[in-house]
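Below is one structure, written out as structure tokens; comments come after it.
The values are calculated or read from the model by the stated rules, or taken from the named source; none is laboratory data. Keep in mind that this is a model prediction, so the values were computed, not measured. Here the Cβ positions follow ideal geometry from the backbone for every residue, glycine too, while neighbour counts run over all protein chains shown. With ligands, DNA and RNA removed, areas are computed over all heavy atoms of the protein, side chains included. Shrake-Rupley method; radii C 1.70, N 1.55, O 1.52, S 1.80 Å.
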Amino acid sequence: MIMGLKFSLRVFITLFCVIYVINGINGLDNGLGRTPPMGWNSWNRFHCNINENLIKQTADALIKYGLDEVGYKYLNMDDCWEGERDEQGYIHASNVTFPSGIKALADYAHSKGLLFGIYSDAGYLTCARRPGSLGFEEQDAKTFASWEIDYLKYDNCNNNGKPEEDRYKVMRDALNATGRPIFYSICEWGRSAPYLWAPSVGNSWRTTGDIHPTWPSILGILQRQHRITKYAGPGGWNDPDMLQVGNGKLTVDEQKSHFSLWAALKSPLLLGFDIRNPSHDTLEIVKNTEIIAINQDPLGKSVNIVKSTSYLDIWVGKLSDGHVALLLNKDESPTTIKLDFAKHVNIRGEILVRDLWEHEDKGIYVNSYSCEVPKHGIAVLKLFGGTKINDFTVQYYDHNDNLIKDFYNDDLINDFYDSAFGRN
Ligand code: GLA
């Protein structure tokens, strides 16, 4: 009898510890983001100039142009929806720009089959100096849940200097406590190496400062993704910031490159242009379902960089049914880029190559595949077949395709990229 009791007690304690440890590791338990989220956010195009009509018209446009059908489900408001807190501390929408309140907008989005997202800040004030959630986490999370919000972007301005990890965990716990699954998007701009702690805190984490609709901004952000690709996976994604496709003066090729790379890095795909008046080219780019399928592949593995020179990048990754390779021309004129299956992809044999922008099977190739890529353009190739050659994780090649290094260990990759790209 006593033996039996002792045994049950031991089982109970073991189970308790296991559950405690699992919860500690996977603290965010909302089941969301098994593939990267897709939708629209107001900031990149409209900044603070938002109001309820714009958000409603955007909901209508997501449907009118069939963007919801290819996966863009989240309709997300960024900063500047906020009005003031009342005497009990409850946050209210601006009664000038959002007179009907946020619940009405969320209802509108839901009635169209969309999901609805909101923005707040782990500081006293948001970046646009509206009320932030620091100190009001529980109350705000409850308010957001009562408005039936599905996504929270949580920014980092005007904070009290406490470590990001601590402040972001408070909102995670507050969101969990509501019982409503709310996608939790951490926006601390890559300040405190979020990929190391954020997988158990949020569903995505910004890896850099803000993106701008210019080619140098896109390349600058891209370069900072090299060593952190391994941290992206189902439930938690690296976020190199929202898409600028359709904004500024980006050329069609630049937009295609930006969209393809973000998709293959498994970034959230949040459109940022005025979708009420889309250009034909921009719509065609963001509705390329073959590129979207790379982003939404159930394996959830980001591409890695295998070759990077001043004029080209080759990014390669595994998919649930093959591989994907992206050949980026950073040069100022068209150039031919060669993908070597053994060196860059670590496979040999007969490989079927499909071009995901030309929507065309290019045929079976054995050692390599070459194609001409326009200035600032990209070729996105899906590779079917082939067998793995050896166990290295990633290889890295120089300008003349001489092997610089094999990596058997992910940490070595980080160290190497740090020195190769001048970071400590
Ligand atoms: C920060 C964020 C942006 C945007 C603005 C809003 O700069 O990084 O994405 O949310 O704040 O004020």
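The table below lists the values:
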quantity	calculated
Residue that is out of contact with any Asp or Glu (no Cβ under 9 Å at 6 or more places or on another chain), in contact (Cβ under 8 Å) with a residue 12 or more places away in the chain and either more than 15 Å from the ligand (Cβ to nearest atom) or assigned to a helix (DSSP H, G or I) (or both), where the choices are 195, 168	195
Strands (runs of 3 or more DSSP E) enclosed by segment 338-383 - at least 1 residues per element that are under 15 Å from residue 317 (Cα atoms)	351-355
Residue 244 being part of a loop (DSSP other than H, G, I, E, B), in the same structural domain as residue 188 (by the TED database) and surrounded by 23 or more Cβ atoms within 10 Å (Cβ to Cβ)	yes
Subset of segment 308-347 that is closer than 13 Å to residue 401 by Cα and of a type in the set (Gly, Ala, Ser) - its residue that is most open to solvent (accessible area, probe 1.4 Å)	342
Those residues of segment 210-239 which are in a loop (DSSP other than H, G, I, E, B) and within 22 Å of residue 307 (Cα to Cα), in sequence order	224, 225, 232
Residues of segment 36-50 satisfying the condition of being within 16 Å of the ligand (Cβ to nearest atom) and either open to solvent by 10 Å² or more (accessible area, probe 1.4 Å) or not in a strand (DSSP E or B) (or both)	37, 42, 43, 44, 45, 46, 47, 48, 49, 50
Only listed residue being at pLDDT below 95, touching a Phe, Trp or Tyr at 6+ places or on another chain (Cβ under 8 Å) and either open to solvent by less than 10 Å² (accessible area, probe 1.4 Å) or closer than 20 Å to residue 213 by Cα (or both), chosen from 275, 305, 285	305
Selection status of residue 124, within 20 Å of residue 154 (Cα to Cα), within 16 Å of the ligand (Cβ to nearest atom) and surrounded by fewer than 19 Cβ atoms within 10 Å (Cβ to Cβ)	yes
Residue in segment 310-321 that is in contact with a Gly (Cβ under 9 Å, 6 or more places away or on another chain) and closer than 17 Å to residue 379 by Cα present	no
Subset of segment 94-121 [farther than 23 Å from residue 186 by Cβ and buried (at least 21 other Cβ atoms within 10 Å of the Cβ)]	98, 105
Any hit, segment 60-80, residues being of a type outside the set (Asp, Glu), under 19 Å from residue 206 (Cα atoms) and open to solvent by 30 Å² or more (accessible area, probe 1.4 Å)	no
Filter result for residue 84 (open to solvent by 10 Å² or more (accessible area, probe 1.4 Å) and in contact with a His (Cβ under 7 Å, 6 or more places away or on another chain))	yes
Count - residues of segment 137-157 that are crowded, with 20+ Cβ neighbours inside 10 Å and part of a loop (DSSP other than H, G, I, E, B)	3
Subset tally (residues that are among the aliphatic types (A, V, I, L, M) and more than 16 Å from the ligand (Cβ to nearest atom)) for segment 55-90	6
Filter pass, residue 185 being within 16 Å of the ligand (Cβ to nearest atom), in the same structural domain as residue 253 (by the TED database), among the polar types (S, T, N, Q) and surrounded by fewer than 20 Cβ atoms within 10 Å (Cβ to Cβ)	no
Flag for residue 233 being within 16 Å of the ligand (Cβ to nearest atom) and surrounded by fewer than 20 Cβ atoms within 10 Å (Cβ to Cβ)	no
Flag if residue 176 is at pLDDT below 95, open to solvent by 20 Å² or more (accessible area, probe 1.4 Å) and on the phi < 0 side of the Ramachandran plot	no
Filtered residues of segment 127-136 (kept if open to solvent by 10 Å² or more (accessible area, probe 1.4 Å) and within 16 Å of the ligand (Cβ to nearest atom))	127, 128, 129, 130, 131, 134
Enumeration of residues in segment 91-121 that are under 24 Å from residue 173 (Cβ atoms) and either within 16 Å of the ligand (Cβ to nearest atom) or among the hydrophobic types (A, V, I, L, M, F, W, C) (or both)	91, 102, 106, 115, 116, 117, 118, 119, 120, 121
